[in-house]
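Only one structure is covered here, and it is reproduced in the block below.
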């Protein structure tokens, strides 16, 4: 349990992010969250694994199916809502965070999830994403990052590596990519995490932590596109190399990378990956996602370079502050408590009036 | 010695000065005094977009025009009878609008060599004879204000700032205005600043006393209260009336109001106003941009709120993508576009009617929606409520086209009886409507063609909406050619059928023999009505009709158009309604179009109407 400035308290086993959502006694199964729609992603797409993990995770929320809403933008990942039996909106390119903001701010009794991708969330919708994060609206934003444009058939995306050869960059992309985790931290996000499509256990644990967080939570999910960017994350998936490259962050545990390496404080507030034997176990940093100052989480996010040498996964930051929707609804409650519910006739006659007989 | 009091039936006064001179406040206070006295009135604020343009320059001039009368009036007046000019720039910028013989009250203290040179006067117009055709009252407004405040602790600079209150006091005396309202207004405005309050009250009183004692003003004027129909009145601007209409729409439908908006001139005051009314359950969300404003509103609508967004032309452009999604998802959404001069940034503080075609056709695909337009500042209340009614009943986005003139202009408003306002039934879906307990989100009401509206939290009705074409009943994604054709036609038919739910277009033709019809829409109602009155007073016969509903049109519009030999359509654009009428009804309407950023002048329009009447 962390310090909780919003005053939210959660009962045993209850997720704090769902504090205002009704509970259910219904025991859902994974199949209860499958819609009747045929899933139409390409064979081998990482989205299948994420969908399956998500469908099997939803019963854990313990809330009625009708109080869950999926909001997406445009792109391959944004078809997600159609495949779930909850309420859903498949909206417009990049605008899902804006639409979800209005929904969540006016309906605190809903569990609202935004499904977006690297193009949808970071390119055309970058502005909405950063503002939703800083406002801390109670939504969970899942960004499927496959580092390519899939639905438009293979152009480079804002997370593609520089020099990437695609249909729209035959001589190589000139763009410096975003690091989505660094971006979210810079946008004042209170909850930022990263996981991988193929690791269902890790993915599920991160989803649960995101749902537990009151306010905006941001989860980057590395996702494979077998058609236009196959094996983009292979070094993190290959059983022979993944344990040496994945830095699994666990709250309170030393940051270790495989059997030999670990993370220590470096110069200028940065972090360094070193051989544990050279520095000693004691110098390893114990992970603390609850640090108020985002500097540490940001330094963690920068460890992903050089590419795939050491990639942190898990929760970078989990710091609670009052949510936008709580504050907005409090203002209404306070105004009503102070001066009563508004009365229309009195409002209309509220200026300087005069009467004509 | 008691001064002479002269009776007048109407006066047009224009206060003009630097943007920093407080002319809007002065005009507003004089308006409130006039409203509480019981005159009919109409106002036209006119100010630069710059918050403080360089002092003493022509672009920095801000003015406020007020027309008040002992009878029913409909415009702020073509030309001022009285100009209050606080400096040479204000005189130069406004002189061209004055008829010969008009009264000019100038603040002589500002007529220095430097100020004159700044606006290109090579000689002082107060002495060079160029104002001989006018009744000029040269008054040292600044110096007299400073003298009146000699005993205060204020610096000279602060004392000078009260000169607008001196001018207001003088004009209040000239027109025998009640002053209690202004005094209590100042007391509340400067409650925490006793020095400033005392200075303003003193300057206001000094201005009044100056009028009463000086020999420069021999006469004061009286304009008797107007004989308006019985009821309780208040003065109201279009933006305030719009905000109230939206709150009324929320109350009458039982839907909590959610406003997603981004500040933009001249619509921001609606956001400001609604943000004050939390007690009504109003949620206001100042978004990161226009797109997010309307996006959040649509998200709230999906959740069962009354989603509203407010904007002006440049913002409307950005919102169209989401408005298209609202057309496709068939969710209620109210979009208020307070039109301003365009294209692009255009002239933010000036009025225009140039967004009609954008509202109707500015989206991709066949994307029909209802469009409504208020005719006067107070009509914004009724039309905002009507927009809400249509949006909720027909599950559709509705665009209300206000404009900069209506937004900032004001007039007396007879308060409606709340019990007589229409009740709007949201009629949420709560039960499955398909086979085997399924829910078909696009299974329509046979009469209205509206689809059911099931909000999240309703068990058993979970469904997915989106921008992709959907099956005509289930709402599932569908690319079937025939289904798309059906859905395009059904969406159109739903909007077209709203015409059955609208009152027929009323035509005013007292003679019953008019052969010429003048047809307008939106904010030109006042100018057109004043022009029609002029023509009729001079013996001309002209019929008048005004459209509140621009889409769909009233069912009898075609018949009305074909009943006249000629139809004149004045618009502050290059003929957008005219284009629609010609296309729809094959009637060769005669457009009259000016896009100066200002309302039409009644005299000019009357001339146009008379010219058409005289054709043969």
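Please treat every number below as a calculation from the coordinates, not as lab data. Since the structure is predicted, the reported quantities are computational estimates derived from the model, not experimental observations. Here the Cβ positions follow ideal geometry from the backbone for every residue, glycine too, while neighbour counts run over all protein chains shown.
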When a/c reaches 1.5 or more, the comparison of a/b and b/c decides; with that in mind, is the protein assembly as shown rounded, prolate or oblate per its Cα gyration tensor? prolate
Peptide A:82-95, shielding by other chains (average Cβ, 10 Å cutoff): 6
For a Förster distance of 22 Å, can you work out the FRET efficiency between the beta-carbons of residue A:42 and residue A:231, rounded to the nearest 0.05? 0.95
Can you work out D for the stretch B:327-432 in µm² s⁻¹ from Stokes-Einstein, where Rh is the Kirkwood radius over C-alpha pairs, the temperature is 20 °C and the viscosity is 1.002 mPa s? 140 µm²/s
If a/c stays under 1.5 just call it rounded; otherwise compare a/b with b/c (prolate if a/b is bigger, oblate if not). Do that for the stretch B:516-614, with a ≥ b ≥ c from the square roots of the Cα gyration tensor eigenvalues. oblate
Packing-based ranking, highest mean first, of A:309-315, A:210-216 given that Cβ atoms within 10 Å are counted: A:210-216, A:309-315
For residue B:7 and residue B:179, compute 0.36 nm times the residue count separating them, minus their Cα-Cα distance, and round to one decimal in nm. 60.0 nm
Checking rank on A:34-40, B:221-227, with mean other Cβ inside 10 Å and highest first, the result is B:221-227, A:34-40
Have a look at A:275, A:238, A:32 and tell me which one the Gaussian network model of chain A (Cα, springs below 10 Å) gives the largest fluctuation. A:238
Cα extents of the stretch A:200-304 along the three principal axes, largest first, in whole Å? 43, 38, 25
Ranked from highest to lowest mean number of other Cβ atoms within 10 Å per residue, what is the order of the peptides B:486-492, A:60-66, B:437-443? A:60-66, B:437-443, B:486-492
Per-residue mean of other chain beta-carbon atoms within 10 angstrom of the beta-carbon, peptide A:325-331? 2
Among A:120, A:318, A:230, which one shows the biggest mean-square fluctuation in a GNM of chain A, springs joining Cα atoms closer than 10 Å? A:230
Can you give me the three principal axis dimensions of chain A from its C-alpha atoms, in Å, biggest first? 91, 48, 45
Provide the percentage of antiparallel DSSP beta bridges, counting only those with both residues in the protein assembly as shown; round to the nearest 5. 35 percent
Nearest-0.05 FRET efficiency for residue A:337 and residue B:418, computed from C-beta distance (R0 25 Å): 0.55
Convex hull volume of the stretch B:234-420 per residue (C-alpha atoms, cubic angstrom): 98 Å³
Simple SL model, points at 7 angstrom along Cα→Cβ for residue B:436 and residue B:227; separation in nm is 7.4 nm
Provide the percentage of antiparallel DSSP beta bridges, counting only those with both residues in chain B; round to the nearest 5. 35 percent
In vacuo Debye sum over C-alpha of the stretch A:1-150, base-10 log of normalised intensity I(q)/I(0) at q = 0.12, 0.20 Å⁻¹, listed in q order, is -0.51, -1.30
Relative to chain B, whose Cα atoms define the longest principal axis, helix B:602-614 and its Cα axis are tilted in degrees, nearest 10, by 60 degrees
What is the average number of partner chain Cβ atoms found within 10 Å of a Cβ in B:289-295? 6
DSSP beta bridge pairing in the stretch B:4-222, given as percent antiparallel to the nearest 5: 50 percent
Could you work out how far the C-alpha centroid of the stretch B:259-323 sits from that of the stretch A:222-250, in angstrom? 43 Å
When all C-alpha to C-alpha distances in the stretch B:4-222 are sorted into bins of 5 Å, what percent of pairs does each bin hold, rounded to whole numbers? 1, 7, 15, 20, 21, 18, 11, 5, 1, 0
